[in-house]
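Below: the structure, in structure tokens.
The values are calculated or read from the model by the stated rules, or taken from the named source; none is laboratory data. Small disclaimer: the values here were computed from a predicted structure and weren't measured. Cβ placement follows ideal geometry from the backbone for every residue including glycine, while neighbour counts extend to all protein chains displayed. Keep in mind that these areas ignore ligands, DNA and RNA; they rest on the heavy atoms of the full protein, side chains included. Shrake-Rupley method; radii C 1.70, N 1.55, O 1.52, S 1.80 Å.
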Amino acid sequence: MVRRPVAWIVAIVLFLEAFGIAAVNWFLGVVVDRQDMSLAGLDPDMMSTSSKIGGIVFGLYFAFCGLVALLVALRDRAPAGFGRILLISAAVVHALLGAFAWGLLGPAEFVFMVVVLALIVLLLMTYDSPQAPADAVPGDKGDGGPAKEGPGGGPVTSPPAPTTP
């Protein structure tokens, strides 16, 4: 049974994005290679190769982030250590890409980047809360007696003890 589908959604979106980023950069590399033009004296072969390498590197980065999200979904546990840092860095990358997309591409691409950013943050936040033990009874303090509640629903605390000078 899937309790938290957000991890599955993030994993699928990041895998699709990894493939899309790699494919677009590879296509751009092919276009630059076939034009046989230089940009400000740069070698077209170097621009083509660097575009393809950049596409592969960013594609692998997003695929690795998708793998972390997939492991979170399969284990139903919060990401820890390097995986958590990787997902946080992916959120920062999507925030920056969203800012650039607004200025260069338009609002639709900005909304896509913000939605992916929100999904990653939601993944990080939904697995952040500690889980209560299944056998714990609400209102039980662990000492066998029921917890006392005040008028606001919170625990009752005793007043501070008086002090002598």
(message) Name the residue that is most open to solvent (accessible area, probe 1.4 Å), counting only residues in the stretch 102-134 that are small (Gly, Ala, Ser) and either part of a loop (DSSP other than H, G, I, E, B) or modelled with pLDDT under 90 (or both).
(response) Ala134
(message) Given the criteria modelled with pLDDT under 90, loosely packed, with under 14 Cβ neighbours inside 10 Å and assigned to a helix (DSSP H, G or I), does Arg34 qualify?
(response) yes
(request) Among the numbered conditions (1) out of contact with any Leu (no Cβ under 7 Å at 6 or more places or on another chain); (2) in a helix (DSSP H, G or I); (3) in contact (Cβ under 8 Å) with a residue 24 or more places away in the chain, tell me where Arg4 comes up short. (result) (2)
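Residue-wise test of (1) within 30 Å of Leu124 (Cβ to Cβ); (2) open to solvent by 50 Å² or more (accessible area, probe 1.4 Å); (3) not in a helix (DSSP H, G or I).
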{"residue": "Ala18", "(1), (2), (3)": "yes, no, no"}
{"residue": "Ala23", "(1), (2), (3)": "yes, no, no"}
{"residue": "Gly41", "(1), (2), (3)": "no, yes, yes"}
{"residue": "Gly54", "(1), (2), (3)": "yes, no, no"}
{"residue": "Phe58", "(1), (2), (3)": "yes, yes, no"}
{"residue": "Phe62", "(1), (2), (3)": "yes, no, no"}
{"residue": "Cys65", "(1), (2), (3)": "yes, no, no"}
{"residue": "Val68", "(1), (2), (3)": "yes, no, no"}
{"residue": "Ala80", "(1), (2), (3)": "yes, yes, yes"}
(message) Given the criterion closer than 28 Å to Val30 by Cα, free of Cβ contacts under 8 Å to residues at least 60 places away in the same chain and of a type in the set (Phe, Trp, Tyr), identify the matching residue among Phe82, Phe58.
(response) Phe58
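Yes/no per residue for (1) among the aliphatic types (A, V, I, L, M); (2) at pLDDT 90 or above:
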| residue | (1), (2) |
| --- | --- |
| Val2 | yes, no |
| Ile9 | yes, yes |
| Phe15 | no, yes |
| Asn25 | no, yes |
| Gly54 | no, yes |
| Cys65 | no, yes |
| Ser89 | no, yes |
